[in-house]
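See structure below.
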């Protein structure tokens with residue numbers, strides 16, 4: 001390999017991002033192919049199907065960023081960069097797998113793991129730390145750690161993303177305040193579930209949890225999301241000027257293709273009123289039915305959207 005001393009050793013931000021985009025597209029194509037064959041399996045798995053994409057990505061990035069592929073995924077090879085340690089040597093497979101886990105687990109956790117009845121709330125504390133702390137730390141370091149260009153997963157395993165043909169340079173240590181900010185992000189992530197619970201510990205919040213738990217017991221329902229919202233819009237002055245519409249928004253993920261079944265959506269809206277009496281004071285109950293899957297690297301959804309006036313149910 002011919003070294004090019006005119007190149008810096010540490011890769012720039014945009015080159016890493018473009019390489020990641022290329023790799024993501026390649027993984028998405030693989031996810032699409034799997035979805036064609038295993039769609040029904042992924043649908044039955046519900047939220048857990050996201051870990052299919054995680055383990056496929058773990059295998060791809062773990063192997064390709066290790067010494068088995070000279071530290072280069074296909075995207076990195078195209079952009080002329082690679083993953084190395086502090087001695088400019090490619091890393092072992094185990095180290096590369098750990099590197100991706102630090103990066104990929106916060107992404108994989110961006111799904112709904114809240115227990116149906118709100119029990120085991122304590123599980124949300126470590127999930128919050130990994131999801132918020134991990135995700136925001138990775139993004140923050142990508143953008144602001146300009147000395148070493150190491151993001152969280154690089155710092156944990158001691159790796160650098162460098163130009164493949166450049167000579168090694170002496171790199172300064174990471175600016176210490178960056179590490180303080182990362183620690184604060186993890187602390188914020190850890191306490192965030194409790195903060196959310198305190199903010200929303202009202203009668204309506206408890207009713208929403210009860211509604212979610214009840215709908216999760218319905219046959220064929222994989223996942224339920226429920227929230228209150230208020231939409232403001234402008235009407236003609238002759239009407240009433242600025243007005244707002246309060247609604248209960250229901251997202252129901254189902255394991256059979258009933259997204260065109262309005263009566264089914266109406267039944268779900270009626271069940272909302274049973275467990276969430278305050279919904280009667282809203283202007284609209286909206287029900288979105290989702291049929292499909294999300295494996296992290298690829299998703300496919302059929303969607304049916306319906307709105308009902310609570311007083312007409």
**Prompt:** Looking at the stretch 47-79, which of its residues are touching a strand residue (DSSP E or B) at 6+ places or on another chain (Cβ under 8 Å), over 18 Å from residue 25 (Cβ atoms) and modelled with pLDDT of 95 or more?
**Reply:** 66, 67, 70, 71
**Request:** Looking at (1) in contact with a helix residue (DSSP H, G or I) (Cβ under 6 Å, 6 or more places away or on another chain); (2) surrounded by fewer than 16 Cβ atoms within 10 Å (Cβ to Cβ), find the lone condition where residue 19 falls short.
**Result:** (2)
**Request:** Within the stretch 156-172, count every residue that is assigned to a helix (DSSP H, G or I) and surrounded by fewer than 19 Cβ atoms within 10 Å (Cβ to Cβ).
**Result:** 1
**Prompt:** Can you name the residue in the stretch 128-148 that is touching a residue at least 40 places away in the same chain (Cβ under 8 Å) and crowded, with 20+ Cβ neighbours inside 10 Å and, of all such residues, is nearest to the chain's Cα centre (by Cα)?
**Reply:** 131
**Asked** (1) within 30 Å of the chain's Cα centre (by Cα); (2) in contact (Cβ under 8 Å) with a residue 60 or more places away in the chain: which one isn't true of residue 288, the others all being true?
**Response** (2)
**Asked** Just a yes or no: is a residue in the stretch 167-189 at pLDDT below 75 and either in contact with a helix residue (DSSP H, G or I) (Cβ under 7 Å, 6 or more places away or on another chain) or within 30 Å of residue 44 (Cα to Cα) (or both)?
**Response** no
**Request:** Being surrounded by fewer than 20 Cβ atoms within 10 Å (Cβ to Cβ) and on the phi < 0 side of the Ramachandran plot is the filter here, so list the residues in the stretch 76-89 that pass it.
**Result:** 77, 78, 85, 86, 87, 89
**Request:** Starting from residues that are in a strand (DSSP E or B) and in contact with a helix residue (DSSP H, G or I) (Cβ under 7 Å, 6 or more places away or on another chain), keep the ones in the stretch 262-290 and report whichever is surrounded by the most Cβ atoms within 10 Å (Cβ to Cβ).
**Result:** 285
**Message:** Among (1) farther than 29 Å from residue 45 by Cβ; (2) at pLDDT below 95; (3) in contact with a helix residue (DSSP H, G or I) (Cβ under 9 Å, 6 or more places away or on another chain), there is one condition residue 206 misses while meeting the rest; what is its number?
**Reply:** (3)
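The values are calculated or read from the model by the stated rules, or taken from the named source; none is laboratory data. Everything numeric in this text was worked out from a predicted model, so none of it was measured. Here Cβ is always computed from backbone atoms with ideal geometry, including for glycine, and neighbour counts include all displayed protein chains.
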